[in-house]
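Notes follow the structure.
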Amino acid sequence: MTKFQDPRAAEIAQQIDAINQAGWESAYDPVLQNHMVHGGLSPVEGVLRCDMFLQKAKETATKREGVWASQLEQNISGIEWYTVEYGGITAQLPRLYEELTLVPGDKDILMQSKPAALDFLAHWNQVFKVWRYDKDNCDRWDLCRWSDFYSEYLRGEWVEIWVDDHISMLLLQDGTEREQPTFAINACCYWGNPLEAHSADAYPESGSSWFQWNNFTPWK
């Protein structure tokens, strides 16, 4: 169950979920989808159906904005708390809930959580290598040091962490299978507007730096 900073946020999130679901159901057009793949609609019919889809999507967006306006008016925090855990080490961290908007004070909550995130990462840095994602490099990941992460940590305003922990099966040449555990801690140092930090268009005013601690070489 999601733990919100403000319990009233649960009702707001449910309203947004209902609006999104109703909007998707009303905008979904199986006839248009089928004909876009296989052909069969005349140009005029295609334009009319696309216009209907866009209009319904716009109506859904307007309804969401109305709920967010109510959230802001009531000063209901958009922050949720999540637990990141591995090997008995845990950290409680905040993040902006996907379906909610930001209210005054929410960014302060994100920023105040930096030390807890740092403590969690510092523990596992002693065990695993650290890599940095390079969006401008075709190889994508560069092996780096804790000091590289720490520099970004100081520059960033808050940190989000998630853990990948699973077991995959490898097929060996002799036809047998072997389990291969894969573990990775991912951390993003964010700055700027939390509503825009995930968007490449907002860089450099808002953005993130992505690091990973793992027991394998990251994908290219």
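Please go through the range 123-142 and pick out each residue that is of a type in the set (A, V, I, L, M) and either in contact with a Cys (Cβ under 8 Å, 6 or more places away or on another chain) or modelled with pLDDT of 95 or more (or both).
Our first condition is that a residue be of a type in the set (A, V, I, L, M); within the range 123-142, this holds for 127, 130.
Across the range 123-142, the qualifying residue is only V130.
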Taking the range 139-165 and the residues there that are basic (K, R) and at negative phi, the one that is most open to solvent (accessible area, probe 1.4 Å) would be R145
Condition test on K56, is it surrounded by 12 or more Cβ atoms within 10 Å (Cβ to Cβ), at pLDDT 85 or above and over 19 Å from the mean Cα position of the chain (by Cα)? no
Scanning the range 166-220 for residues that are of a type in the set (D, E) and modelled with pLDDT of 90 or more, the one most open to solvent (accessible area, probe 1.4 Å) turns out to be D201
All conditions in (1) in contact with a Gly (Cβ under 9 Å, 6 or more places away or on another chain); (2) open to solvent by 50 Å² or more (accessible area, probe 1.4 Å); (3) closer than 15 Å to C188 by Cα are true of K63 except (3)
So, first residue open to solvent by less than 50 Å² (accessible area, probe 1.4 Å) in the range 1-23, second residue outside any loop (DSSP other than H, G, I, E, B) and of a type in the set (F, W, Y), Cβ within less than 6 Å, six or more apart or across chains; the pairs are A10/F4
Cβ pairs under 6 Å, 6+ apart or interchain, first in the range 189-216 and farther than 22 Å from G105 by Cβ, second open to solvent by 60 Å² or more (accessible area, probe 1.4 Å) and of a type outside the set (F, W, Y), ordered by first then second residue, are F211/R132
Taking first residues from the range 128-148 that are touching a residue at least 24 places away in the same chain (Cβ under 8 Å) and second residues anywhere that are among the basic types (K, R) and part of a loop (DSSP other than H, G, I, E, B), the pairs with Cβ under 6 Å that are 6 or more apart or on different chains are D139/K220; R140/K220
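The values are calculated or read from the model by the stated rules, or taken from the named source; none is laboratory data. If you're wondering where the values come from, they're calculated on a predicted model, not measured in any experiment. Positions of Cβ are backbone-derived with ideal geometry, glycine not excepted, and every protein chain shown enters the neighbour counts. With ligands, DNA and RNA removed, areas are computed over all heavy atoms of the protein, side chains included. Shrake-Rupley method; radii C 1.70, N 1.55, O 1.52, S 1.80 Å.
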